[in-house]
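Below: the structure, in structure tokens.
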Amino acid sequence: PGVSSSTMSDPSLAYGNDGTLYYSALMHGGSGQAGTLFVTTTADQGANWTDPASGIVAAGATGPVVLQDKEHIAVDQANNNVYVAWTPIGGTNDQEVVFSSDAGGVGNGFSFAAPTVLTTAAAFNGCLNQGADLTQQGAGGRLYLAWTSFCSGFGHGDPGTVYVTFSDNGGGTWAAPV
């Protein structure tokens, strides 16, 4: 919604337990433009896709401009729950790592939960927290999320710190990042 460009970036893929391929990406108009995060699926290896408009995780905005950025997707092999983590650039959760989930996947229609901010500790204040990467330890197991926090800049050679957190209940609660 609100984005007429066909420019897409930051693709991420994960399979459900029934062979459905889940694809997350960003649709945007380029640098400094609003960007929407969506999930679409294919059951026939890409010949046909579900409507991305029915799988919107977080819409971009203009006023202020919000670009959803650097998302990653995982699908729980036990129940097809879909997990997405990313960084909004601009707006309320500017430069924070956020997480959202959908219970049951495309089989019952997408309905992503409101984002949960994971970088709330003082150590993350004023930092660019970006590059979310999700993985799960076995079907229905512990969900891990890693990202990099850039606190002294974001240029070539600037230091960053990699943080990891985990959830034992599908993203309902998270351990303190280490």
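Some observations on this one:
- Selected from Ile56, Cys127, Trp174, residue furthest toward positive end of dipole (the chain; charges at beta carbon): Cys127
- Projecting the Cα positions of Thr40, Tyr83, Gln68 onto the charge dipole of the chain (unit charges on Cβ atoms of Lys, Arg, Asp and Glu, taken about the Cα centre) puts Gln68 furthest along the positive direction.
- Of interest is the spacing of the C-alpha centroids, which for the stretch 27-94 and the stretch 123-178 amounts to 18 Å.
- In nm, spacing of pseudo-spin labels at Ala43 and Thr120 (7 Å Cα→C-beta vector): 3.9
- The residues neighbouring Asn108, those whose beta-carbon lies less than 15 Å from its own, together hold a net charge of -3 under the Lys/Arg +1, Asp/Glu -1 convention.
- Exposure rank, largest accessible area first [Ser100, Ser9; 1.4 Å]: Ser9, Ser100
- Assuming charge only on the beta carbon of Lys and Arg (+1) and of Asp and Glu (-1), the dipole of the stretch 8-97 about its Cα centre is about 120 debye to the nearest 20.
The values are calculated or read from the model by the stated rules, or taken from the named source; none is laboratory data. What you see is a predicted model; the values in this text were computed from it and never measured. All Cβ positions, glycine included, derive from the backbone under ideal geometry; neighbour counts span all protein chains shown. Note: areas computed on protein heavy atoms with side chains; ligands, DNA, RNA excluded. Shrake-Rupley method; radii C 1.70, N 1.55, O 1.52, S 1.80 Å.
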